[in-house]
């Protein structure tokens with residue numbers, strides 16, 4: 001046990017525990033588009049580890065054509081409304 005890193009042995013907050021328990025991939029970003037959380041399902045779906053994702057801009061993590069002007073996250077943050085089916 002002593003050899004486990006602090007990150008591995010950290011206890012989840014209630015919010016983190018909920019995000020870890022769902023099967024949908026969930027990640028969060030700050031206002032500068034840096035990934036601030038990345039759940040286990042997101043790792044499995046994307047093939048990107050949490051350690052690789054957190055702290056990087058979401059466009060660097062996902063490299064999607066939607067990361068430019070057509071970004072659903074940008075629209076949601078701008079309007080405060082969810083973007084569905086995009």
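The values are calculated or read from the model by the stated rules, or taken from the named source; none is laboratory data. Quantities reported herein were computed from a predicted structural model and do not represent experimental measurements. Every residue, glycine as well, gets a Cβ built from its backbone with ideal geometry; the counts of neighbours run over all protein chains shown.
Here residue 2 fulfils each of the conditions (1) out of contact with any helix residue (DSSP H, G or I) (no Cβ under 9 Å at 6 or more places or on another chain); (2) assigned to a loop (DSSP other than H, G, I, E, B); (3) modelled with pLDDT of 90 or more apart from (3).
Within the stretch 29-44, being assigned to a helix (DSSP H, G or I) and surrounded by 15 or more Cβ atoms within 10 Å (Cβ to Cβ) holds for 40, 41, 42, 43. If you go through the stretch 33-66 and keep only what is closer than 16 Å to residue 76 by Cβ and out of contact with any strand residue (DSSP E or B) (no Cβ under 7 Å at 6 or more places or on another chain), you end up with 59, 62, 64, 66. Among the residues in the stretch 71-78, are any outside any helix (DSSP H, G or I), in contact with a helix residue (DSSP H, G or I) (Cβ under 9 Å, 6 or more places away or on another chain) and at pLDDT 85 or above? Taking every residue of the stretch 71-78 in turn, at least one turns out to be outside any helix (DSSP H, G or I), in contact with a helix residue (DSSP H, G or I) (Cβ under 9 Å, 6 or more places away or on another chain) and at pLDDT 85 or above. Could you tell me how many of the residues in the stretch 45-70 are touching a residue at least 12 places away in the same chain (Cβ under 8 Å) and part of a loop (DSSP other than H, G, I, E, B)? Residues in the stretch 45-70 being touching a residue at least 12 places away in the same chain (Cβ under 8 Å) and part of a loop (DSSP other than H, G, I, E, B): 5 in total.
How many residues, within the stretch 11-28, are free of Cβ contacts under 8 Å to residues at least 12 places away in the same chain and either touching a strand residue (DSSP E or B) at 6+ places or on another chain (Cβ under 8 Å) or assigned to a strand (DSSP E or B) (or both)?
The number of residues fulfilling the criteria is 1.
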